[in-house]
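The values are calculated or read from the model by the stated rules, or taken from the named source; none is laboratory data. All figures in this text were calculated on a predicted structure; none of them were measured in a lab. Methodologically, a virtual Cβ is constructed for each residue, glycine included, from the backbone with ideal geometry; neighbour enumeration extends over all protein chains shown. Ligands, DNA and RNA are excluded from the accessible area calculation, which covers all protein heavy atoms including side chains. Shrake-Rupley method; radii C 1.70, N 1.55, O 1.52, S 1.80 Å.
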Amino acid sequence: MKKILVTGFDPFGGEQINPALEAIKRLPTLIGDTQIVTYEIPTVFHKSGRLLQDYLLKEQPDAVLLVGQAGGRSAISLERVAINMDDARIPDNEGNQPIDEVINPQGSPAYFTTLPIKRIVQVLKQHHIPAIVSNSAGTFVCNHLMYYLLDTLAAQKVNTIGGFMHIPYLPSQVVDQPNQPSMALDQIVKAIEITLATIIKNQHDLKITGGTEV
């Protein structure tokens, strides 16, 4: 593997910081012989997807890891599926708030990640980092961008693999929200680095349970 493209969203929803963006800024430019390229993505429907398509064309990566904030989650979450639906609880950063709108009318109802998510979760746990397989990326811009990525890769019929990682709030974001979980930035950065190293080492997933009852 020669190159992995990693993206992180800008702050949204009234937050002054986005841990996804802060974390990717700290990533190394090389892991072994694999180049790591990072880009900031606006939290805006469709604009985010079009920018990602530009970056894919420019970089021609072997793998893509999208990173986004998921307030309320306590673990690193590797997303299994992106659905062809926008249903925004809050407006994006340009005031768009689509409700029950398909992302691509000609696209598949859903796409599954092509990253080895169960393997990644297992390796993260071995490093004492809380991690889960998530079966819902939501219906905001995170799911939107994951769908855009996988829809684009499917249309181009390339061998690039890709998927989405949700990360918790930073401790500074929950100072006034004592019941909200958080994770230190250093641990988030470490989790992303381990994820990238795992993708580089082995792109085949494990046949182990990662399901939930609800």
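Our helix-only sum for the chain, with -39,500 (n - 2.57) per DSSP H run of n ≥ 4 divided by its residues, gives a mean residue ellipticity at 222 nm of -9500 deg cm²/dmol.
State which helices in the chain qualify, where a helix is a whole DSSP H run, it must extend 15 Å or more along its own axis by its Cα atoms, and its mean Kyte-Doolittle hydropathy must be at least -0.5. Membrane-span-like by this rule: 141-156, 185-201. Checking the table Lys25/Lys190; Lys3/Lys58; Lys2/Lys118; Lys2/Lys207; Lys125/Lys207 against a 19 Å threshold on Cα-Cα, which pairs fail? With Cα atoms farther than 19 Å apart: Lys2/Lys118; Lys2/Lys207.
Close amide-amide hydrogen proximity is noted between Thr38 and Val6, each under 5 Å apart and 5 or more residues distant or on a separate chain (H modeled in the peptide plane; Pro and chain starts excluded). Counting only protein heavy atoms and a 1.4 Å probe, segment 3-201 has 44 square angstrom of accessible area per residue. Apply the a/c threshold of 1.5 to the C-alpha gyration tensor of the chain and tell me whether it is rounded, prolate or oblate. Because its axes are fairly even, with a/c under 1.5, the chain counts as rounded. Given +1 at the Cβ of Lys and Arg, -1 at the Cβ of Asp and Glu and no other charges, the dipole of segment 3-201 around its Cα centre is 720 debye to the nearest 20.
Kirkwood hydrodynamic radius of segment 1-53 from all distinct Cα pairs, in Å? About 12.0 Å for segment 1-53.
Rolling a 1.4 angstrom probe over segment 90-214 with all protein chains present gives an accessible area of which 52% lies on carbon and sulfur atoms.
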